[in-house]
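Q: Quick one: structure below, then a few questions.
The values are calculated or read from the model by the stated rules, or taken from the named source; none is laboratory data. Fair warning: this is a prediction, and the values are worked out from it, not measured in the lab. Cβ placement follows ideal geometry from the backbone for every residue including glycine, while neighbour counts extend to all protein chains displayed.
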Amino acid sequence: MTPSSPPPSRASVLDLAPVVPVVVVTDAHDAVPLARALVAGGLPAIEVTLRTPAALDSIRAVAAEVPDAVVGAGTVLTPEHVAESVAAGARFLVSPGWTDGLLDAMRASGVPFLPGVSTASEVVALLERGVREMKFFPAQAAGGTAYLKSLAGPLPQARFCPTGGIGPECAQDYLSLSNVSCVGGSWMLPADAVAARDWRRVEDLARAASALRR
């Protein structure tokens with residue numbers, strides 16, 4: 001699977017690249033050039049968080065204008081968020097945690113989703129419901145690589161995308177774990193580069209992130 005050949009909507013976002021950029025967009029006009037820079041750097045899966053008023057317009061613009069991007073919605077907290085994100089063109093959904101109602105809505109959406117977990121009990125509850133792909137959040141604060149390594153023994157069927165506090169100094173440590181398929185982070189989007197619209201720098205940082213080994 002290459003960035004120029006986006007996967008079917010049901011494909012796993014965990015397999016697209018070693019890093020999923022976690023993007024907070026404050027100006028929707030930046031969404032398309034930002035996404036193009038990330039894709040050019042080898043990171044096609046892009047999580048646009050629903051933390052700003054520009055988020056849905058950003059997802060809509062990337063979905064329409066950057067065909068090589070696989071754009072998703074992050075910080076999905078409600079069934080309404082699910083519906084709005086999918087209507088805007090999101091191809092996957094990511095939540096920091098989950099409830100039965102949110103999980104039902106994500107499952108019914110028809111697109112891949114990563115519900116957030118931070119404890120073994122939450123992982124077991126999702127496995128019981130047939131969900132094997134999850135976001136581990138907040139990764140560093142919730143125990144980091146040591147915690148995920150401990151989960152791999154009793155719960156080897158669970159696959160994770162750890163997010164939260166991960167940077168280039170520790171990303172490879174996570175990716176070396178058997179139950180980690182990719183990590184989420186925003187270090188390839190430094191605030192000063194985005195403010196200056198220095199998309200070449202973003203592309204260079206994305207390329208370095210895409211070269212990390214799984």
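Q: Can you tell me which of 212, 175, 127, 151 is hydrophobic (A, V, I, L, M, F, W, C), over 14 Å from the mean Cα position of the chain (by Cα) and closer than 30 Å to residue 83 by Cα?
A: On the way: 212 fails: closer than 30 Å to residue 83 by Cα; 175 fails: closer than 30 Å to residue 83 by Cα; 151 fails: closer than 30 Å to residue 83 by Cα.
The match here is 127.
Q: Are any of the residues in segment 117-131 touching a helix residue (DSSP H, G or I) at 6+ places or on another chain (Cβ under 8 Å) and under 19 Å from residue 185 (Cα atoms)?
A: yes
Q: Continuing with the same structure: May I ask you to list pairs of residues, at least six apart or on different chains, whose Cβ atoms are under 7 Å apart, with the first in segment 13-32 being more than 13 Å from residue 183 (Cα to Cα) and part of a helix (DSSP H, G or I) and the second being modelled with pLDDT of 95 or more and of a type outside the set (A, V, I, L, M)?
A: Going by the 7 Å Cβ cut-off, the qualifying pairs are 28/57; 28/58; 30/197; 31/58; 32/65.
Q: Among the residues of segment 75-98, is any within 18 Å of residue 205 (Cα to Cα) and either buried (at least 20 other Cβ atoms within 10 Å of the Cβ) or touching a strand residue (DSSP E or B) at 6+ places or on another chain (Cβ under 6 Å) (or both)?
A: No; the residues of segment 75-98 include none that is within 18 Å of residue 205 (Cα to Cα) and either buried (at least 20 other Cβ atoms within 10 Å of the Cβ) or touching a strand residue (DSSP E or B) at 6+ places or on another chain (Cβ under 6 Å) (or both).
Q: Could you list all residues from segment 159-176 that are out of contact with any strand residue (DSSP E or B) (no Cβ under 6 Å at 6 or more places or on another chain) and buried (at least 18 other Cβ atoms within 10 Å of the Cβ)?
A: Hits for segment 159-176 are 164, 175.
Q: Consider segment 81-104. How many of its residues are farther than 27 Å from residue 144 by Cα, in a loop (DSSP other than H, G, I, E, B) and of a type outside the set (D, E, K, R)?
A: Of the residues in segment 81-104, 2 are farther than 27 Å from residue 144 by Cα, in a loop (DSSP other than H, G, I, E, B) and of a type outside the set (D, E, K, R).
Q: Sticking with this structure for a sec: Of all residues in segment 40-54, how many are buried (at least 24 other Cβ atoms within 10 Å of the Cβ), within 13 Å of residue 70 (Cβ to Cβ) and touching a helix residue (DSSP H, G or I) at 6+ places or on another chain (Cβ under 8 Å)?
A: The number of residues fulfilling the criteria is 5.
Q: Where the second residue is at pLDDT below 95 and part of a loop (DSSP other than H, G, I, E, B) and the first is closer than 17 Å to residue 14 by Cα and of a type in the set (Asp, Glu) and lies in segment 105-131, which pairs have Cβ atoms under 6 Å and are six or more apart or on separate chains?
A: Close Cβ pairs satisfying both conditions: none exist.
Q: Right, next: Out of segment 60-79, which residues are in a helix (DSSP H, G or I) and either closer than 22 Å to residue 137 by Cα or touching a Leu at 6+ places or on another chain (Cβ under 9 Å) (or both)?
A: 62, 79
Q: Of all residues in segment 59-74, count the ones that are under 24 Å from residue 104 (Cα atoms), over 13 Å from the mean Cα position of the chain (by Cα) and surrounded by 23 or more Cβ atoms within 10 Å (Cβ to Cβ).
A: The total comes to 1.
Q: Looking at residue 72, is it touching a strand residue (DSSP E or B) at 6+ places or on another chain (Cβ under 9 Å) and in contact (Cβ under 8 Å) with a residue 12 or more places away in the chain?
A: Taking the combined requirement at face value, the residue satisfies it.
Q: Given the conditions (1) surrounded by 17 or more Cβ atoms within 10 Å (Cβ to Cβ); (2) in a helix (DSSP H, G or I); (3) of a type in the set (D, E, K, R), report the number of the one that residue 107 does not fulfil.
A: (1)
Q: Go through segment 192-209 and report how many residues are more than 19 Å from the chain's Cα centre (by Cα) and surrounded by fewer than 18 Cβ atoms within 10 Å (Cβ to Cβ).
A: Matching residues across segment 192-209 total 8.
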